[in-house]
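S.K.: This is the structure, below, for whatever I ask next.
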Amino acid sequence: MGQVPLYGELHRFIPALASWHGASIVEVPIRNINRERGASHYGISRTFRVFFDLITIRFLLKYLSRPLHFFGTIGMFSIMAGSSISGWLIFDKLVYHTDVMAQHGPLMMFSAVLLLAA
């Protein structure tokens, strides 16, 4: 088994990352010891960092081996949006005989960029 890459504070998720890299995970029972003095430094800011780390782990585990599943969704949305805009512009040109480039030039360029980016 290779090394598990850790970014930022992803050490919290070592079991999930190690499992994804092929390691066997077992549960080891422990005995919790109560805090004798002092206060916890775990606040709302750390909660947000953990949440964003969870999103990062989800993204890495789901799309790292299949990046086209992520970019394919964005590409399909881009194709649908670009095709819809282009279809409306063609309809406007053929039915109402408008000068599409003069009246809708930026929109036409935007639809072309959407289609090319897809």
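S.K.: So, of the residues in the range 94-108 that are in a helix (DSSP H, G or I) and open to solvent by 100 Å² or more (accessible area, probe 1.4 Å), which turns out to be nearest to W20 (Cα to Cα)?
M.R.: Applying the filter and picking the extreme gives P106.
S.K.: Inspect all residues belonging to the range 62-78 and state whether any of them is touching a Ser or Thr at 6+ places or on another chain (Cβ under 7 Å) and either assigned to a helix (DSSP H, G or I) or open to solvent by 70 Å² or more (accessible area, probe 1.4 Å) (or both).
M.R.: no
S.K.: So, in the range 3-36, exactly how many residues are modelled with pLDDT under 80 and on the phi > 0 side of the Ramachandran plot?
M.R.: So the answer is 1.
S.K.: Taking the condition of being out of contact with any Pro (no Cβ under 9 Å at 6 or more places or on another chain), in a loop (DSSP other than H, G, I, E, B) and open to solvent by less than 100 Å² (accessible area, probe 1.4 Å), how many residues in the range 22-45 meet it?
M.R.: 5
S.K.: Using beta carbons and a limit of 7 Å, which pairs, at least six apart or on different chains, have the first residue in the range 63-82 and of a type in the set (S, T, Y) and the second one part of a helix (DSSP H, G or I)?
M.R.: Y63/H69; Y63/F70; S78/L114; S78/A117
The values are calculated or read from the model by the stated rules, or taken from the named source; none is laboratory data. As the structure is a prediction and not an experimental result, all values here were calculated from the model. Backbone-built Cβ (ideal geometry, glycine too); neighbour counts: all protein chains shown. Each accessible area value is taken on the protein alone, full model and side chains, heavy atoms only, with ligands, DNA and RNA left out. Shrake-Rupley method; radii C 1.70, N 1.55, O 1.52, S 1.80 Å.
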